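Data first, discussion second: the structure below is written as structure tokens.
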Amino acid sequence: MPEGPEIRRAADQVEKALRKGSVMDVFFAFEHLKGYESILSGAEVTKVDTKGKAMLIRFDNGYTIYSHNQLYGKWVIRNAYNYPKTNRQLRLALHNEKKSALLYSASDIEVLRDEEVPLHPFIAKVGPDLLSEDVSADQLKERFVSKAFHKKKWTSLLLDQSFIGGIGNYLRSEILFLAGIHPDLRPIDCSERQLTKAAEATVKLVHQSYQHNGITNDLELAMKLKEKGQKRPQYRHWVFNREGEACRIDGTEIQKVRVGSRRLYFCPTCQTK
Ligand SMILES: [Zn+2]
């Protein structure tokens, strides 16, 4: 599933394609949204926001398109009306003179009045989005130790979209590794130092993944490994997807476990209890 950084990058592409001039033509596959085609045609896109894994395309006439890609949704940007060959179902198309922004396979699409956006059930409960809001490591640390969260396991918190919006499975493993936190722990079990490191790692990794195409490994190390001929899956992460490989810090074998029915990778010596 795409995580916050991937959705933010898709939002950048949609914004870049649509912010020049009016949207001339709008298509919705779902019958209950057809009425909005004429309302949105001719309007201008002012901004494309993200809230966790949700995207908000904002128009200058007071409407916003909400979409959530879930597991299968995919945005494709093409020259106008130049549809790709695909077996996917087109669910939403926005065309201007030069470009088409096409959303395939997603089923979670709504059109809202701007004032309805904060009341939308997902938006209302999603936690801070580090890529669209100014959230400091100190603020995150306060959130970690707040009553609502401090007694829950990190492994479930880091996938809980009401804790922090946009964190997903690879970021979960990578944040816990960089913070030196064992996956069995809760914030309340952690030292000040671990909490600080967890907050700093969260801010750092979300931004780095967004800016560097999903790479969460140390960037210098990743570049060195790439020059040595390693492929992206080999140099991309610290621990995620690296079961049985040597930890990049101390050489211990990386372990894989399933937590909350999702894969989690960790180093049993760098991440202690
Ligand atoms: Zn290690």
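Here the sum of -39500 (n - 2.57) over DSSP H runs of 4 or more residues, divided by the residues of the chain, equals -8500 deg cm²/dmol at 222 nm, to the nearest 500. The simple Förster model, with R0 at 25 Å and r as the Cβ-Cβ distance, assigns residue 262 and residue 29 a FRET efficiency of 0.25. Other residues within the sphere of radius under 12 Å centred on the Cβ of residue 17, judged by their own Cβ, net out at +3 (K and R +1, D and E -1).
Less than 5 angstrom separates the built amide H of residue 22 from none of the residues sequence-distant by 5 or more or on a different chain.
Modelled spin labels at residue 71 and residue 250, positioned 7 Å past Cα toward Cβ, are 3.7 nm from each other. Among 182, 32, 95, the largest mean-square fluctuation in a Gaussian network model of the chain (Cα springs under 10 Å) belongs to 32.
Rounded to the nearest percent, how much of the accessible area of the chain (1.4 Å probe, protein heavy atoms only) is carbon and sulfur? The nonpolar share, carbon plus sulfur, comes to 48 percent. Only protein heavy atoms count here; on that basis, with a 1.4 Å probe, residue 218 has an accessible area of about 60 Å². The Cβ shell under 13 Å around residue 218 holds other residues with a net charge of +3, Lys and Arg each +1, Asp and Glu each -1. The Cys residues in the chain with no partner Cys Cβ within less than 4.7 Å of their Cβ are 190.
Ordered from highest to lowest accessible area with the whole protein assembly present and a 1.4 Å probe, 221, 205 read as 221, 205.
If you sort 258, 19 by accessible surface, 1.4 Å probe, largest first, the order is 258, 19. When the chain is treated as a Gaussian network with alpha carbon springs shorter than 10 Å, the biggest mean-square fluctuation among 42, 127, 251 belongs to 251.
Would you mind pulling out the separation of the Cα centroids of region 1-67 and region 180-237, in Å? Taking the Cα centre of region 180-237 as reference, the centre of region 1-67 is 31 Å away. With all protein chains kept in place, the per residue accessible area of the chain amounts to 49 square angstrom at a probe of 1.4 angstrom. Which of 82, 69, 213 moves most in a GNM of the chain, Cα contacts under 10 Å? Its mean-square fluctuation being the largest, the pick is 82.
The values are calculated or read from the model by the stated rules, or taken from the named source; none is laboratory data. The model shown is predicted, which means the values in this text are computed figures rather than measured ones. Don't worry about glycine lacking a Cβ; one is built from the backbone with ideal geometry, like all the others, and counts go over all protein chains shown. Note: accessible area is taken over every heavy atom of the protein model, side chains too, but ligands, DNA and RNA are not part of it. Shrake-Rupley method; radii C 1.70, N 1.55, O 1.52, S 1.80 Å.
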